[in-house]
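Everything below concerns the one structure shown next.
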Amino acid sequence: MTKLKAWFKTIIFYEILVGMKATLSHLLHYKPITLQYPHEKRALPDNYRGMLALLRYDDGTEKCVGCDLCEAACPSRVIRVVSAEVPGEPTKRYSKEYYMDMTRCLFCGMCVDACPVDALGMTREFEWAVYDKRQLHLNKEQLLAIGDRSFPVREKRLELQHPNVAFFNVSFGHVPQKPN
Amino acid sequence: MQPLIETLMTRFPRAVLSVEADTARAEVSVRIAADRLIEVARFLHDAPEALFDHLSDICSVDYPEDRQRFEVVYLLHSLPYRRRLRLKARVPEDNPAIASVTGIWKGAEFLEREVYDMMGITFSGHPDLRRILMPEDYAEGFPLRKDFPAEGRGWRSQFDFIPRLDEAPVEQTDSEIPERDKQAFRAEAAPSSSRRREELLLNMGPQHPSTHGVLRVVLELDGERIVKATPDLGYLHRGVEKLSEGLAYMQIIPHTDRLDYVCAMANNYAYVRAVEKLLGITIPERAEYIRTIVAEMQRIVGHLFWLGTQALDIGAMTVFFWTFREREVLLDMFEKLCGARLTLNYYRIGGVDSDFTPDLVLRLKTFLDTFPEKVKEYDSLIASNRIWLGRTKNVAVISAEDAISFGCTGPVLRGSGVAYDIRKEEPYGVYDKVDWEVPVGKNGDTYDRYWIRMEEMRQSARIIRQCLDQLPAGPIIADAPQYIPPPKQHVMRDMESLIHHFIIFTQGLKPPKAETYCATEAPKGELGFFIVSDGSARPYRLKIRSPSFVHMGAFDHMARGYLISDIITIFGTYDIVMGECDR
């Protein structure tokens with residue numbers, strides 16, 4: 001009996017029918033999950049690790065203090081920082097020049113982890129295909145511009161967030177007082 | 001272990017030079033004289049009290065200051081007794097030669113070729129000692145030696161592979177490859193028979209859609225039958241091992257993403273576990289749970305990817321779309337968790353990068369509710385389909401003895417009926433706190449491996465569900481200020497955290513002077529990291545034992561005698577990813 005059953009299943013292509021049943025049931029409950037990419041775009045999560053950017057405080061000053069930690073943390077030597085003292089304020093430093101060679105970037109986020117003042121951010125930009133590789137060597141102005149358009153909401157100055165951090169990046173004469 | 005060491009010392013008093021037992025990491029290494037390697041290895045393989053039947057890896061370390069400059073490290077593993085042993089032998093610089101162990105463990109052939117290629121140690125008695133990862137005409141030397149610069153010696157700048165438009169194309173004088181160069185790909189002479197026999201060398205790859213990367217195989221064919229298949233590896237060799245000698249321990253994690261780019265989490269996990277074993281830190285419970293969940297999610301992703309591409313290679317297209325649909329759901333969760341989909345960089349030394357949100361747990365639970373149904377759906381498409389059966393049953397058969405001798409692990413070994421799963425044998429994470437089973441095959445063919453991977457997906461779903469139910473609250477990263485950077489929100493608030501933060505990111509963490517091997521069950525098999533630390537912030541030597549590479553060593557054995565159309569199935573049966581194979 002089982003032999004007959006197996007023979008019958010063979011001649012009617014039973015397993016193909018089972019497979020076709022699964023396929024056809026999808027035809028009925030058809031829900032497209034494909035996105036027509038250049039026309040519609042996915043909603044990316046907030047922590048998406050896309051293009052890197054330099055950020056500013058809400059008063060427009062740069063966050064970066066030129067401490068070189070991002071350069072030290074980067075596993076593929078993307079970043080180069082040239083730091084200098086802020087003219088006229090000997091305790092305060094900033095990055096005079098800041099370069100990123102995005103052709104080598106791994107998008108691992110180590111520089112963002114390393115930055116003690118959260119001056120670096122990863123944006124949700126990913127469409128950075130260019131015709132010339134040299135366009136991916138970004139300087140400070142370009143990185144700040146990416147940050148400006150990707151992070152419209154800016155943080156308050158660090159000294160205003162918690163005024164007891166007076167040991168780093170703060171010239172004592174100019175500490176804005178926390179408004180009461 | 002102690003009785004075995006004593007037997008070894010009494011039986012080979014002149015061969016065994018010293019025994020180092022690392023009690024903190026539960027590892028034993030035996031230093032032996034290089035000229036007596038074969039007898040010790042033979043004893044360890046055959047003796048009933050030793051039975052080291054599985055050769056995990058062969059590694060080489062360069063100590064330029066020492067008189068005996070090179071050290072060859074054999075990582076042995078005994079499947080019946082569930083223990084590991086390291087065998088070390090030193091060879092001098094002027095005559096770096098050691099006997100080959102290919103007669104004892106068949107899998108040693110590829111591993112020894114890699115050591116020869118990278119460190120220049122010759123193995124006497126090796127059947128085919130050629131370069132394996134570097135090009136055959138590579139003239140710069142041996143890249144993993146310490147005196148070799150990481151950026152190379154300038155050979156690369158002489159490449160002229162971009163044809164110049166203002167030059168006339170080079171005339172090809174003779175299209176035939178000289179007979180001498182073909183010799184490596186020829187099978188050994190067959191016994192003469194009455195059958196007419198005419199061999200043809202066929203070049204498959206390096207660019208072939210089903211090689212899952214860039215792999216070239218030279219096939220020697222007799223009609224449609226494969227007489228010999230010689231894989232030519234190294235097209236994706238990026239020198240991760242050399243590169244990591246110049247990177248701090250934390251910086252290597254994103255590079256491990258690129259090894260097996262289909263299952264980045266598994267690579268992260270394997271590396272991070274090896275470093276933690278070296279450092280001797282314990283992980284908070286919640287982090288262990290999250291790691292296990294994420295590793296199992298990655299296993300499902302890896303097996304879905306395998307199922308889709310294997311079916312696609314054989315000719316069934318629908319499965320590919322369906323498996324990628326589920327894979328997409330999991331990748332979206334990864335994206336939510338760590339901001340990337342493939343190159344995840346999620347694990348950290350001592351914990352994980354970010355915590356599960358309640359929303360993510362909910363999404364994962366919904367996924368698990370529907371997932372077993374989906375697995376059933378794939379099964380209904382192909383499990384009894386006569387084309388699928390015809391192309392996978394009795395294809396790429398390997399017996400249990402051969403699979404062990406070649407060093408196979410993962411589904412390839414389990415398909416042959418050996419229940420070896422590191423998650424069960426040497427439990428890590430929380431695998432010993434949840435209830436799950438190891439599926440084992442019978443025939444050792446592609447169909448059994450297919451069945452095992454399907455079953456493993458179901459088991460992974462079971463593990464994730466139990467872990468989610470048990471998920472405790474708590475921190476997600478260990479508290480070890482000398483190794484792990486402090487939480488970011490503390491960095492600008494207290495001076496001590498700031499100092500630790502700066503020191504760890506500028507100088508890196510400095511593990512004790514030690515060496516360790518740590519194996520993890522990746523979806524493709526045993527992924528092991530062997531780290532030699534000299535006490536500085538960078539690994540002195542980091543060897544990656546990648547399952548794909550070891551499996552490629554068994555390729556010739558498994559491909560012989562099959563039809564040329566089966567070669568695609570035989571690639572696919574290992575779940576091979578060339579990024580990991582070539583490293």
What is the residue count in region B:339-366 for residues that are farther than 29 Å from B:Lys277 by Cα and within 29 Å of the chain's Cα centre (by Cα)? 1
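Can you pull out the strands (runs of 3 or more DSSP E) entirely within region B:199-285 that have at least 2 residues that are closer than 24 Å to B:Ile132 by Cβ and of a type in the set (D, E, K, R)? Give the steps one after another, and end with the answer.
Numbers: elements: B:199-204, B:216-222, B:225-232.
Passing ranges, in order: B:216-222, B:225-232.
Return the only residue of B:Asp128, B:Asp62, B:Asp57, B:Asp66 being surrounded by fewer than 16 Cβ atoms within 10 Å (Cβ to Cβ), in contact (Cβ under 8 Å) with a residue 40 or more places away in the chain and not hydrophobic (A, V, I, L, M, F, W, C).
Working: B:Asp62 fails: surrounded by fewer than 16 Cβ atoms within 10 Å (Cβ to Cβ); B:Asp57 fails: surrounded by fewer than 16 Cβ atoms within 10 Å (Cβ to Cβ); B:Asp66 fails: in contact (Cβ under 8 Å) with a residue 40 or more places away in the chain.
Checking each option against the conditions leaves just B:Asp128.
Looking at B:Pro358, is it free of Cβ contacts under 8 Å to residues at least 12 places away in the same chain, away from chain A (no Cβ under 14 Å) and either exposed (fewer than 15 other Cβ atoms within 10 Å of the Cβ) or polar (S, T, N, Q) (or both)?
Here the answer is yes, as B:Pro358 does meet what is asked.
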Counted residues, region B:334-344 - those being part of a loop (DSSP other than H, G, I, E, B), in contact (Cβ under 8 Å) with a residue 60 or more places away in the chain and in contact with a Lys or Arg (Cβ under 8 Å, 6 or more places away or on another chain): 1
Among the residues of region B:421-450, write down those that are among the aromatic types (Phe, Trp, Tyr), out of contact with any strand residue (DSSP E or B) (no Cβ under 8 Å at 6 or more places or on another chain) and surrounded by 19 or more Cβ atoms within 10 Å (Cβ to Cβ). B:Tyr431, B:Tyr447, B:Tyr450
Region B:97-148, residues that are part of a helix (DSSP H, G or I) and among the acidic types (Asp, Glu): B:Glu109, B:Glu112, B:Glu114, B:Asp117
Residue selected from region A:18-50 under the condition surrounded by 11 or more Cβ atoms within 10 Å (Cβ to Cβ) and among the hydrophobic types (A, V, I, L, M, F, W, C), by the criterion nearest to B:Arg327 (Cα to Cα): A:Leu44
Can you tell me which residue in region B:367-388 is nearest to the other protein chains (Cβ to nearest Cβ), limited to those that are over 29 Å from the mean Cα position of the chain (by Cα) and exposed (fewer than 15 other Cβ atoms within 10 Å of the Cβ)? B:Arg386
Residue list for region B:488-520, restricted to those being of a type outside the set (A, V, I, L, M, F, W, C), out of contact with any strand residue (DSSP E or B) (no Cβ under 8 Å at 6 or more places or on another chain) and assigned to a loop (DSSP other than H, G, I, E, B): B:Arg493, B:Asp494, B:Gly508, B:Lys510
In region A:111-131, residue nearest to B:Arg341 (Cα to Cα) [restricted to those that are aliphatic (A, V, I, L, M) and either within 11 Å of another protein chain (Cβ to nearest Cβ) or crowded, with 17+ Cβ neighbours inside 10 Å (or both)]: A:Met122
For region B:339-355, enumerate the residues that are surrounded by fewer than 19 Cβ atoms within 10 Å (Cβ to Cβ) and either within 18 Å of B:Asp313 (Cα to Cα) or aliphatic (A, V, I, L, M) (or both). B:Leu342
Please identify the pairs in which a residue from region B:371-384 that is in contact (Cβ under 8 Å) with a residue 60 or more places away in the chain has its Cβ atom under 9 Å from the Cβ atom of a residue that is surrounded by 17 or more Cβ atoms within 10 Å (Cβ to Cβ) and not in a helix (DSSP H, G or I), counting only partners at least 6 apart or on another chain. B:Leu381/B:Ala316; B:Ile382/B:Ala316
Can you pull out every residue in region B:385-418 that is among the β-branched types (Val, Ile, Thr) and either free of Cβ contacts under 8 Å to residues at least 24 places away in the same chain or over 29 Å from A:Phe13 (Cβ atoms) (or both)? B:Ile398, B:Ile404, B:Thr409, B:Val412, B:Val418
Hey, any hits in region B:309-328 for a residue that's closer than 24 Å to A:Cys108 by Cα, facing chain A (nearest Cβ under 10 Å), in a helix (DSSP H, G or I) and at pLDDT below 90? yes
Taking A:Lys9 as the residue in question, decide whether it is free of Cβ contacts under 8 Å to residues at least 40 places away in the same chain, closer than 30 Å to B:Ala383 by Cα and more than 11 Å from every other protein chain (Cβ to nearest Cβ). no
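Taking B:Asp566, is it free of Cβ contacts under 8 Å to residues at least 24 places away in the same chain, acidic (Asp, Glu) and more than 25 Å from B:Tyr261 (Cα to Cα)?
Numbers: free of Cβ contacts under 8 Å to residues at least 24 places away in the same chain: no; acidic (Asp, Glu): yes; more than 25 Å from B:Tyr261 (Cα to Cα): yes.
Spelling it out, it is not the case that B:Asp566 is free of Cβ contacts under 8 Å to residues at least 24 places away in the same chain, acidic (Asp, Glu) and more than 25 Å from B:Tyr261 (Cα to Cα).
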Qualifying positions in region B:492-501 - without any contact (Cβ under 8 Å) to a residue 12 or more places away in the chain, surrounded by 15 or more Cβ atoms within 10 Å (Cβ to Cβ) and either more than 7 Å from every other protein chain (Cβ to nearest Cβ) or in contact with an Asp or Glu (Cβ under 8 Å, 6 or more places away or on another chain) (or both): B:Ser497
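Across region B:504-516, which residue is nearest to the chain's Cα centre (by Cα) among those that are within 11 Å of chain A (Cβ to nearest Cβ) and either crowded, with 19+ Cβ neighbours inside 10 Å or within 12 Å of A:Pro116 (Cβ to Cβ) (or both)?
Here is the first cut: in region B:504-516, the residues within 11 Å of chain A (Cβ to nearest Cβ) are B:504-508.
If we keep only those that are either crowded, with 19+ Cβ neighbours inside 10 Å or within 12 Å of A:Pro116 (Cβ to Cβ) (or both) as well, we get B:504-506, B:508.
Numbers: B:Ile504: 29, B:Phe505: 29, B:Thr506: 31, B:Gly508: 26 Å.
Among those that are within 11 Å of chain A (Cβ to nearest Cβ) and either crowded, with 19+ Cβ neighbours inside 10 Å or within 12 Å of A:Pro116 (Cβ to Cβ) (or both), it is B:Gly508.
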Among the residues of region A:55-103, which ones are more than 14 Å from every other protein chain (Cβ to nearest Cβ) and acidic (Asp, Glu)? A:Asp58, A:Asp59, A:Glu62, A:Glu85, A:Glu89, A:Glu97, A:Asp101
Condition broken by A:Lys31, with the remaining ones in (1) touching a residue at least 40 places away in the same chain (Cβ under 8 Å); (2) within 14 Å of another protein chain (Cβ to nearest Cβ) satisfied: (1)
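If we keep just the residues of region B:219-233 that are out of contact with any Lys or Arg (no Cβ under 8 Å at 6 or more places or on another chain) and under 20 Å from B:Asp582 (Cβ atoms), which is farthest from the other protein chains (Cβ to nearest Cβ)?
Within region B:219-233, the first condition is being out of contact with any Lys or Arg (no Cβ under 8 Å at 6 or more places or on another chain), and the residues that meet it are B:221, B:223-225, B:230, B:233.
Now drop any that are not under 20 Å from B:Asp582 (Cβ atoms), which leaves B:230, B:233.
Details: B:Thr230: 34, B:Leu233: 24 Å.
Per the stated criteria, the residue is B:Thr230.
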Please work out which one of (1) among the charged types (D, E, K, R); (2) over 29 Å from the mean Cα position of the chain (by Cα); (3) closer than 25 Å to B:Gly234 by Cβ is the condition B:Asp479 fails and give its number. (3)
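Looking at B:Arg286, is it out of contact with any Gly (no Cβ under 8 Å at 6 or more places or on another chain), away from chain A (no Cβ under 14 Å) and not hydroxyl-bearing (Ser, Thr, Tyr)? Quick ask: steps written out before the conclusion?
Values: out of contact with any Gly (no Cβ under 8 Å at 6 or more places or on another chain): no; away from chain A (no Cβ under 14 Å): yes; not hydroxyl-bearing (Ser, Thr, Tyr): yes.
Taking the combined requirement at face value, the residue does not satisfy it.
Residue-by-condition table, conditions (1) touching a residue at least 40 places away in the same chain (Cβ under 8 Å); (2) part of a helix (DSSP H, G or I):
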| site | (1), (2) |
| --- | --- |
| B:Tyr420 | yes, no |
| B:Lys424 | no, yes |
| B:Pro427 | no, no |
| B:Trp436 | no, no |
| B:Gly441 | no, no |
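For region B:329-346, enumerate the residues that are β-branched (Val, Ile, Thr) and more than 8 Å from chain A (Cβ to nearest Cβ). Please lay out each step first, then the result.
First, the residues of region B:329-346 that are β-branched (Val, Ile, Thr): B:329, B:343.
Residue satisfying the conditions is B:Val329 alone.
The values are calculated or read from the model by the stated rules, or taken from the named source; none is laboratory data. Bear in mind that the values here come from a model prediction, so they are computed numbers and not experimental data. Here the Cβ is made from the backbone with ideal geometry for all residues, glycine too, and neighbour counts use every protein chain on show.
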